[in-house]
1. Applying the selection to region 1-23, what residues are surrounded by fewer than 18 Cβ atoms within 10 Å (Cβ to Cβ) and in contact with a helix residue (DSSP H, G or I) (Cβ under 9 Å, 6 or more places away or on another chain)?
2. Give the residues of region 138-166 that are open to solvent by 80 Å² or more (accessible area, probe 1.4 Å) and closer than 28 Å to N95 by Cα, sorted by residue number.
3. For D94, are the conditions met, namely being open to solvent by 60 Å² or more (accessible area, probe 1.4 Å), outside any helix (DSSP H, G or I) and either among the aliphatic types (A, V, I, L, M) or free of Cβ contacts under 8 Å to residues at least 24 places away in the same chain (or both)?
4. Specify the residue that is farthest from the chain's Cα centre (by Cα); the eligible residues are those in region 126-137 that are surrounded by 19 or more Cβ atoms within 10 Å (Cβ to Cβ) and touching a residue at least 40 places away in the same chain (Cβ under 8 Å).
5. Would you kindly identify the helices (runs of 4 or more DSSP H) lying entirely within region 1-80 that contain at least 2 residues that are among the aliphatic types (A, V, I, L, M) and under 17 Å from the mean Cα position of the chain (by Cα)?
6. Looking only at region 24-71, how many residues end up being open to solvent by 30 Å² or more (accessible area, probe 1.4 Å) and more than 17 Å from M6 (Cβ to Cβ)?
7. Quick one: how many residues across region 101-125 are in contact (Cβ under 8 Å) with a residue 24 or more places away in the chain and either open to solvent by 30 Å² or more (accessible area, probe 1.4 Å) or of a type outside the set (A, V, I, L, M) (or both)?
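The values are calculated or read from the model by the stated rules, or taken from the named source; none is laboratory data. Since we're looking at a predicted model, the values are computed, not measured. Here Cβ is always computed from backbone atoms with ideal geometry, including for glycine, and neighbour counts include all displayed protein chains. All accessible areas refer to the heavy atoms of the entire protein, side chains included, with ligands and DNA or RNA removed. Shrake-Rupley method; radii C 1.70, N 1.55, O 1.52, S 1.80 Å.
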Amino acid sequence: EMEEAMADTRKYTGLTKEGVIELNEELKKLDTRTSREELNALAGSAGRLGITSKESIMDFVYAADKIKVALGDDLGDEAIDQVGKLAMAFGEDDNMGLRDAMLSTGSAINELAQNSAAKAGYLVDFTARVAGVGKQLGMTQAQIMGFGAVMDENLLRDEMASTAFSQLLTKMATDTKKF
């Protein structure tokens, strides 16, 4: 099972066999209850996001593991990947480093989910759907999450709310005088 997990890590990250073995030695040092098979799956997720250096993969795995422990029940496996994408989409990985950017994103989701009626999964989905338009208009990830929390608290489905919000933002940008 471990060899299969390592083979998947190698497949997605592009690391050599020796590189994956070295990565697994580093994974052993993490203070976590997560199995190495699961940590390798997280490393594979990093590879699918285009993260290929050993150091960046370790940063991703470290942050993803912490987020999974904190929000695992609220977020599915795909949401962990989305948190990584969000951290990179807003350029926060360039400013803070990938690990801190992911942890910051996870903390914001956790904070909103604990202090409002918004659900963590909704926040991730809404933010991911609005990120492209919002970023072009100069919005921050936190601002978009805040709007997402309001939408969820008002019982609006994330697909429809994010579409309507994106359209509103686009109209505001193209017809500024009217708005």
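1. Once the filter is applied, which keeps residues that are surrounded by fewer than 18 Cβ atoms within 10 Å (Cβ to Cβ) and in contact with a helix residue (DSSP H, G or I) (Cβ under 9 Å, 6 or more places away or on another chain), region 1-23 yields E1, M2, E4, A7, D8, K11, G14, T16, K17, G19, I21, E22.
2. Q143, F147
3. On the way: open to solvent by 60 Å² or more (accessible area, probe 1.4 Å): yes; outside any helix (DSSP H, G or I): no; either among the aliphatic types (A, V, I, L, M) or free of Cβ contacts under 8 Å to residues at least 24 places away in the same chain (or both): yes.
No: the conditions fail for D94.
4. If we filter region 126-137 for residues that are surrounded by 19 or more Cβ atoms within 10 Å (Cβ to Cβ), which is where we start, we get 126-131, 134.
With touching a residue at least 40 places away in the same chain (Cβ under 8 Å) added as a condition, the list becomes 127-128, 131.
Numbers: T127: 10, A128: 9, A131: 12 Å.
Applying the filter and picking the extreme gives A131.
5. Numbers: elements: 2-13, 17-28, 36-48, 54-71.
Filter on region 1-80 gives 36-48, 54-71.
6. Residues meeting the conditions: 14.
7. 12
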